[in-house]
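Everything below concerns the one structure shown next.
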Amino acid sequence: MAGMNKFFVLQSIFLGFVWSAVAAEGPATFKVSEFTFTRPTSWEWVESTSPMRKAQLKVSGADKKQSAEIIFFHFGAGGGGSVQANVDRWLSQFEEPKEKINAKTEEVTIGSRKVTYVQAEGTYLSGVPGGPKIPQPNSMLLGGIVESGEGNVFIRLTGPSTLAKENKDAFRKMVESALK
């Protein structure tokens, strides 16, 4: 009987380790507003401490020295401002003027949903609104705004240009995963 108890204790410890590892990875899919997004497998789930952030992910470079953050915002119906106001705000978060950051916007329709993609590259000014800004040269912003009657979902990836470019397709695939 003592051998059986030892077995169950060891099994419980092992399952605890397995469960902790799975929990640390985060969910493979997650919901923001009415949309269920599929997280790219190489991207890490990050527990957000901000109530403004509805989900947060991180992607690291192969050398693990660089990383980019991906943040999801949703403010409810009529909240968060218009698509154009957010595009303009995102582009103004660069030190350089709009004409020097290779700013691009693209509107696409997927199913019945309109998505506006945003891209810009330069010195990103990181920091909370109204707070001090930290210049991050050679950075890129990839954004996606998914329009919805329940309130738009704003998705923003910011990080080193090379890392953002490597993950551009994965970013779009993740955004579009919720619209199929």
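At-a-glance table
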read-out	value
Structure-derived Cα Rg over 2.2 N^0.38 Å - corresponding label in (1) 1.43; (2) 1.23; (3) 1.06	(2)
For ALA178, distant residues with modelled amide H under 5 Å away	THR38
Region 33-51 and region 83-142: distance between their alpha carbon centers, rounded to Å	20
Span-like helix ranges in the chain, DSSP H, alpha carbon extent 30 angstrom or more, Kyte mean at least 0.0	2-25
Label point distance in nm, LYS98-PHE75, each placed 7 Å from Cα along Cα→Cβ	1.9
Dipole of the chain [Lys/Arg +1, Asp/Glu -1 at C-beta], most positive-end residue of TRP45, GLY131, LEU141	TRP45
For the chain, built as a Gaussian network whose Cα springs stay under 10 Å, the top-fluctuating residue of LYS64, LYS133, LYS104	LYS64
MRE, 222 nm, helices only [DSSP H, n ≥ 4, -39500 (n - 2.57), over the chain, to nearest 500]	-8500 deg cm²/dmol
Rough spin-label spacing in nm, given labels placed 7 Å along Cα→Cβ, for THR29 and ARG53	2.4
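A short reminder: the numbers here are calculations on the coordinates, not readings from a lab. Not measured: the values here are computed from a predicted model. Heads up, the Cβs are rebuilt from the backbone with ideal geometry, glycines too, and the neighbour counts pull from every protein chain shown.
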